[in-house]
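Asker: My questions will all concern the structure given below.
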Amino acid sequence: MDISWDEHGTATITAEDEWEACRGFGYAQALTHATAILELYGIARGRAAALWGEEFLEGDLQHAQLGLDAAVDTWWQEQQTGTRTRLQSFCDGVNDACNEDPSLGGDRREALPVGPRDVIAHTFALFFGFARFWDQGLAFPAAGGPGLLGGGSSAWAVSAEKSSKGEALLLINPHIPWIAPYRMFEARTLSPDRNCHGATPIGFPWQSFAYTEHVGWTHTVNPLPQLWVYELEVSDDHYLHDGVPVPFEMREHLVAVRADDPVAVTERRSVHGPVIDAPDGTPVAIRVAGVLHQPVTTALECWWRMSLAETVEELFDVQEQWPLPMFNILAADSSGSIGAAFCGATPARPGGAFDDSRRRLPGDDPGQLWTHLNSPQSLPRVVNPDCGWVQNVNETPWWFCDPPLDPAQHPDGIAPAPDQLRDIRSPLSRAALDRPGPISPHDLLDLKWGTWTHLADIVLDDLLDACTGIADLTEAADVLRAWDRRADAGSRGYLLFHLWAHDHFPVGDVVMDDSRLTPSLEAGGLPRGLRDPAAAAEALRRAAHRMTELGRPFDAPYGRVARIGTDPDDAPASGGPTYFGLFKCLEILPAEGAWPAIGGDTWICLVQFGPRTPIAEGLLLPGPASEEGAPAHRSPAARYTRDELVPHPPLT
């Protein structure tokens, strides 16, 4: 097994067989992210406080309270022999690298050695975390964080027939936070039966976004009815179900804490699932399709086998045999075909509505308790639609192509209705693709790098009208009026708009919520303006005050204030949140000094499938390594600012 590194920090692992390729993948990942990986594995075990102290106690207490050890055991027991063998090879690589260099892993080396169950626990934790994203306070604190208005991903595929090159095109573009557990690792693995270039969240054992000589695929997070919350009527150690008091199943846990006394926590379970107190104090039970209940445990094997497929149809068949618990797949292949598939664990609820999963259900009603999942074969899937393209930007699957798919042809309640869009990118993306004539690689990159802030076109006129005659808003309104409506490094006024939007459309809420925007007159269209301009003007007053607090003029150039990367390799920021209708996705954190970029575009990769080998170029953000002493590499920040990708060598 041999590992080489290019100047951008991407590893090429050349191996004699699949097991050595996996060992090399683990070894290279340890060289670049050992400390982060070991911390993630400690957290996934539910033992981080025992290893590293009280800082990790809250997470370990929740791990015990929810009974996640037993859930991880179920996932582990379901793994096939082939999966376990490859996982052991990956872990051997991580352990070998850390044994050879005692500095790797820093102050997280107590988690060594790592084993295959750690990888499964981490995989489980990531899917559980994604399922919780949609909760927004029903059972858990709302997702998000300082500066984050929302993540997302973009994915586009163009058929050979529609492509200007006569070859299928695929643009891979997840955008997520640049911290563990979401930060990604990019590598190419070459072995006799499998050549694959791709990226995956750190701690995963092989590529999960990738291309081979034959096929490529990407994922977007899909809005699934996966997390179900049941409000309980509780009296002492009983809850009401079907009108009858039922005792909780209870188990006591002691959570170890380094250099401190252990902490006791009680695990309670109802017929629905684990029981916790919601942020508002309400006792609720949770049921998580495909993760805790009716677990779908085959994601890692699915990704491995997807890399062995030769066509889009084969790739989708793999997913149906070894299902994913969530995500859409968009794919293209060397024959010129493209496709999109809606994947994930969706409860079978004939007559049920998707919105039932976005509210608390009465725990007393046994009719609300689902018991099995829809089959993967019953979920939306399209190959080679007449329009010549497929797309997804985290919206409902009915808009994969044009004309849209028909919800009536699929199980009830598996996804939002066509008029329930998460943000404004969907109609913008479809409009860019649904036009006469061929689509070129350049066209896809123009769409991807676009910095026009489309949300401003919808709201700014209403906002400025509402500010008319308000003396203390005159200066702020004049700056927004003069703004070029772009999120370019030199744009003056973008930062003020950014703060205004984060105030008026808070973290955890959907920008296209009727309470903030006037909805489109047609399903899937753009909204028509602000619902409450007076409230928006008040939000601008607060945003202007915040700019003043931070010592910045209202018209400060975006890239002079916000920066990507760290000194001396930092670069001016450009791009913005997906909710602004931006496809160049960047999240920034307002601060006293420079405003750092903290997430957004993560792996951008354009693949053009030819008759021999794919032509590809890409960029990994925020960079290839978080470990001190990692192999030398160039920062990607300047390339990102210039809208440049790195050409990949032929996949041979």
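The values are calculated or read from the model by the stated rules, or taken from the named source; none is laboratory data. Bear in mind the structure is a predicted one, so any value in this text is a computation, not a measurement. Backbone-built Cβ (ideal geometry, glycine too); neighbour counts: all protein chains shown. In case anyone asks, the SASA skips ligands and DNA or RNA and just uses the protein heavy atoms, side chains included. Shrake-Rupley method; radii C 1.70, N 1.55, O 1.52, S 1.80 Å.
Asker: For the list (1) crowded, with 19+ Cβ neighbours inside 10 Å; (2) among the small types (Gly, Ala, Ser); (3) touching a helix residue (DSSP H, G or I) at 6+ places or on another chain (Cβ under 8 Å), I need the number of the one condition that Gly529 fails.
Answerer: (1)
Asker: Select from the range 532-548 the residues that are closer than 18 Å to Ala594 by Cβ and not charged (D, E, K, R) and write down the one among them that is surrounded by the most Cβ atoms within 10 Å (Cβ to Cβ).
Answerer: The initial filter retains those residues of the range 532-548 that are closer than 18 Å to Ala594 by Cβ, namely 546-548.
Remaining after also requiring not charged (D, E, K, R): 547-548.
Working: Met547: 23, Thr548: 12.
Looking at residues that are closer than 18 Å to Ala594 by Cβ and not charged (D, E, K, R), I get Met547.
Asker: Next question. For the range 357-382, give me each residue that is open to solvent by 20 Å² or more (accessible area, probe 1.4 Å), part of a loop (DSSP other than H, G, I, E, B) and not polar (S, T, N, Q).
Answerer: Matches in the range 357-382: Arg359, Asp364, Asp365, Leu369, His372.
Asker: For the range 549-568, state whether one or more residues are among the polar types (S, T, N, Q), crowded, with 18+ Cβ neighbours inside 10 Å and in a loop (DSSP other than H, G, I, E, B). Walk me through how you get there before you give the answer.
Answerer: Initial filter on the range 549-568 (among the polar types (S, T, N, Q)): 566.
Keeping just the survivors that are crowded, with 18+ Cβ neighbours inside 10 Å gives none.
Checking the range 549-568: not a single residue is among the polar types (S, T, N, Q), crowded, with 18+ Cβ neighbours inside 10 Å and in a loop (DSSP other than H, G, I, E, B).
Asker: Being surrounded by fewer than 22 Cβ atoms within 10 Å (Cβ to Cβ), free of Cβ contacts under 8 Å to residues at least 60 places away in the same chain, in the same structural domain as Leu315 (by the TED database) and on the phi < 0 side of the Ramachandran plot narrows it down to one of Pro418, Pro385, Pro404, Pro411, so name that one.
Answerer: Working: Pro418 fails: free of Cβ contacts under 8 Å to residues at least 60 places away in the same chain; Pro404 fails: free of Cβ contacts under 8 Å to residues at least 60 places away in the same chain; Pro411 fails: free of Cβ contacts under 8 Å to residues at least 60 places away in the same chain.
None of the other options fit; the residue is Pro385.
Matching residues to (1) at positive phi; (2) at pLDDT 95 or above; (3) out of contact with any Ser or Thr (no Cβ under 8 Å at 6 or more places or on another chain):
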{"position": "Val607", "(1), (2), (3)": "no, yes, yes"}
{"position": "Pro611", "(1), (2), (3)": "no, no, no"}
{"position": "Glu617", "(1), (2), (3)": "no, yes, yes"}
{"position": "Ala625", "(1), (2), (3)": "no, yes, no"}
{"position": "Ala630", "(1), (2), (3)": "no, yes, no"}
{"position": "Leu645", "(1), (2), (3)": "no, yes, yes"}
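Asker: Follow-up question, since we're still on this one. List the pairs whose first member sits in the range 601-616 and is over 15 Å from Ser163 (Cα atoms), whose second member is in a loop (DSSP other than H, G, I, E, B) and open to solvent by 10 Å² or more (accessible area, probe 1.4 Å), and whose Cβ atoms are under 6 Å apart, counting only residues at least 6 apart or on separate chains?
Answerer: From residues that are over 15 Å from Ser163 (Cα atoms), the pairs are Thr613/Glu213; Thr613/Pro650; Ala616/His648.
Asker: Another question about this same structure. Would you confirm, using the coordinates I've provided, whether Asn222 is more than 30 Å from Asp60 (Cα to Cα) and either in the same structural domain as Ser426 (by the TED database) or open to solvent by less than 10 Å² (accessible area, probe 1.4 Å) (or both)? I'd like the intermediate steps shown before the answer.
Answerer: Details: more than 30 Å from Asp60 (Cα to Cα): no; either in the same structural domain as Ser426 (by the TED database) or open to solvent by less than 10 Å² (accessible area, probe 1.4 Å) (or both): yes.
Criteria not met by Asn222.
Asker: Name, by its number, the condition in (1) under 20 Å from Tyr182 (Cβ atoms); (2) surrounded by 15 or more Cβ atoms within 10 Å (Cβ to Cβ) that does not hold for Gly129.
Answerer: Checking Gly129 against (1) under 20 Å from Tyr182 (Cβ atoms); (2) surrounded by 15 or more Cβ atoms within 10 Å (Cβ to Cβ), the one that fails is (2).
Asker: Which residue out of Glu587, Glu549 is free of Cβ contacts under 8 Å to residues at least 12 places away in the same chain, closer than 30 Å to Leu464 by Cα and either in contact with a Leu (Cβ under 9 Å, 6 or more places away or on another chain) or not small (Gly, Ala, Ser) (or both)? Please lay out each step first, then the result.
Answerer: Working: Glu587 fails: free of Cβ contacts under 8 Å to residues at least 12 places away in the same chain.
Sole residue among the options that is free of Cβ contacts under 8 Å to residues at least 12 places away in the same chain, closer than 30 Å to Leu464 by Cα and either in contact with a Leu (Cβ under 9 Å, 6 or more places away or on another chain) or not small (Gly, Ala, Ser) (or both): Glu549.
Asker: Filtering the range 477-505 down to residues that are open to solvent by 10 Å² or more (accessible area, probe 1.4 Å) and part of a helix (DSSP H, G or I), which residue is farthest from Gly575 (Cα to Cα)?
Answerer: Going through the qualifying residues, I end up with Asp478.
Asker: Let me spell it out: the conditions are (1) without any contact (Cβ under 8 Å) to a residue 60 or more places away in the chain; (2) surrounded by fewer than 20 Cβ atoms within 10 Å (Cβ to Cβ), and Pro279 meets all of them except one. Which number is the exception?
Answerer: Evaluating Pro279 over (1) without any contact (Cβ under 8 Å) to a residue 60 or more places away in the chain; (2) surrounded by fewer than 20 Cβ atoms within 10 Å (Cβ to Cβ) leaves (1) as the failure.
Asker: Let me ask something additional. Considering only the range 132-151, state which residues are at pLDDT below 80, out of contact with any Leu (no Cβ under 7 Å at 6 or more places or on another chain) and buried (at least 19 other Cβ atoms within 10 Å of the Cβ).
Answerer: Leu148, Leu149, Gly150, Gly151
Asker: Restricting the search to the range 626-639, which residues are in a loop (DSSP other than H, G, I, E, B), surrounded by fewer than 17 Cβ atoms within 10 Å (Cβ to Cβ) and not basic (Lys, Arg)?
Answerer: Result: Glu628, Gly629, Ala632.
Yes/no matrix, rows are residues, columns are (1) within 29 Å of Gly525 (Cα to Cα); (2) in contact with a Pro (Cβ under 7 Å, 6 or more places away or on another chain):
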{"position": "Arg358", "(1), (2)": "yes, no"}
{"position": "Pro366", "(1), (2)": "no, no"}
{"position": "Asn374", "(1), (2)": "no, yes"}
{"position": "Arg381", "(1), (2)": "yes, no"}
{"position": "Asp386", "(1), (2)": "yes, no"}
{"position": "Asp412", "(1), (2)": "yes, yes"}
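Asker: Moving on to the next point. What are the pairs with Cβ atoms under 7 angstrom where one residue, in the range 471-492, is over 13 Å from Arg541 (Cβ atoms) and of a type in the set (Phe, Trp, Tyr) and the other, located anywhere, is open to solvent by less than 70 Å² (accessible area, probe 1.4 Å) and not in a strand (DSSP E or B)? Sequence gap at least six, or different chains.
Answerer: So the pair list comes out as Trp483/Ser491; Trp483/Gly493; Trp483/Tyr494; Trp483/Phe497.
Asker: Another one. Got at least one residue in the range 335-345 being aromatic (Phe, Trp, Tyr), touching a residue at least 40 places away in the same chain (Cβ under 8 Å) and open to solvent by 10 Å² or more (accessible area, probe 1.4 Å)? Break it down stepwise before answering.
Answerer: If we filter the range 335-345 for residues that are aromatic (Phe, Trp, Tyr), which is where we start, we get 342.
With the extra rule that they be touching a residue at least 40 places away in the same chain (Cβ under 8 Å), the set shrinks to 342.
So of that shortlist, the ones also open to solvent by 10 Å² or more (accessible area, probe 1.4 Å) come out as none.
No, that holds for no residue.
Asker: Another one. Between Asp423, Asp462, Asp457, which is in the same structural domain as Gly529 (by the TED database), among the acidic types (Asp, Glu), in contact (Cβ under 8 Å) with a residue 24 or more places away in the chain and crowded, with 18+ Cβ neighbours inside 10 Å? Break it down stepwise before answering.
Answerer: Numbers: Asp423 fails: in the same structural domain as Gly529 (by the TED database); Asp457 fails: crowded, with 18+ Cβ neighbours inside 10 Å.
Being in the same structural domain as Gly529 (by the TED database), among the acidic types (Asp, Glu), in contact (Cβ under 8 Å) with a residue 24 or more places away in the chain and crowded, with 18+ Cβ neighbours inside 10 Å holds for just one of Asp423, Asp462, Asp457, which is Asp462.
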